[in-house]
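The numbers here are math on the coordinates, done by the rules we state, and not lab data. Small disclaimer: the values here were computed from a predicted structure and weren't measured. Here Cβ is always computed from backbone atoms with ideal geometry, including for glycine, and neighbour counts include all displayed protein chains.
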Amino acid sequence: MSEESRSSFQNPVAGFGVTFKAMFKKRLTEQYPEQQKVTAPRFHGRHQLNRHPDGLEKCVGCELCAWACPADAIYVEGADNTEEERYSPGERYGRVYQINYARCILCGLCIEACPTRALTMTNEFELADSSRENLIYTKEQLLAGLEDGMVDTPHAIHPGTDEQDYYRGLVTEAAPGTVRQRAVSAEERPKDEEVDA
Ligand code: SF4
Ligand code: SF4
């Protein structure tokens, strides 16, 4: 048998050998989404806007996260708190907060820039959507849920404390009798809330 005809016979056999060996290797296929893999604890997933232990918001509307973002994915508008309508313990709060997940590369630079730890990232990674509108998450979607001892914003600061006390960890839950204030600014008012003429 010539050298040329021997190699034309051996090459396909060698190719099947690779296939045969692969048949006994451990399968790497993941049965997603039926079987979800647990992410690493510090995986960078969807963002979350955190609250203080009494429910007030940690975001002060400073926009540092937006300036740090290399993808220009964050939009923030800050506003002043008032005693009648308070969202955070200090002077300012984030009135409008949006993250565009069509732009975000989940790099985490924004959470490093945040001075109040208002912005962190969760392990949630199922963010795909075919609609640009759905990929722009609003403050309402990003705001953390209420835990025990919290009252939803707006509401008054814990009596006898100031903004610094919140960062010192002296406020651990809403004061007894804390009630949600009525949102008077049009942007904050829930759509289903009745408005007096
Ligand atoms: S994770 Fe990165 S890309 Fe996404 S919003 Fe934050 S800074 Fe921007
Ligand atoms: S999330 Fe943090 S950095 Fe961004 S506006 Fe709020 S307080 Fe500032």
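Rounded to the nearest 10 degrees, the inclination of helix 3-22 to the longest alpha-carbon principal axis of the chain is 40 degrees.
Roughly speaking, what is the centre-to-centre gap between segment 118-136 and segment 137-183 when only Cα atoms are used, to the nearest Å? Using only Cα atoms to place each centre, the spacing works out to 25 Å. Remark: ARG51, ARG95 ranked as ARG95, ARG51, counting other beta-carbon atoms within 10 Å and listing the fewest first. For ARG95, which sequence-distant residues (separation of 5 or more, or a different chain) have an amide H within less than 5 Å of its own amide H, given hydrogens modelled in the peptide plane? The answer is GLU77, GLY78, ALA79. The 3J(HN,Hα) values that the Karplus relation (6.51, -1.76, 1.60; θ = phi - 60°) gives for segment 73-88 are, in residue order, 9, 10, 10, 10, 10, x, 8, 7, 6, 10, 5, 7, 8, 10, 10, 9 Hz. Gly and Pro appear as x. Taking amide hydrogens as placed 1.01 Å from N in the peptide plane, the amide H of SER88 sits under 5 Å from those of GLU57, each at least 5 positions away in sequence or on another chain. If you wrap the tightest convex hull around every Cα atom of segment 47-167 and split its volume per residue, you get 105 Å³.
Hey, fewest Cβ within 10 Å first, where do LEU170, LEU56, LEU64 land in order? Mind showing how you got there, number by number?
Values: LEU170 13, LEU56 28, LEU64 18.
In increasing order of surrounding Cβ atoms, one gets LEU170, LEU64, LEU56.
Taking a straight line from the alpha carbon of LYS37, these lysines sit under 21 Å away, with near neighbours fewer than eight places off in the same chain left out: LYS25, LYS26.
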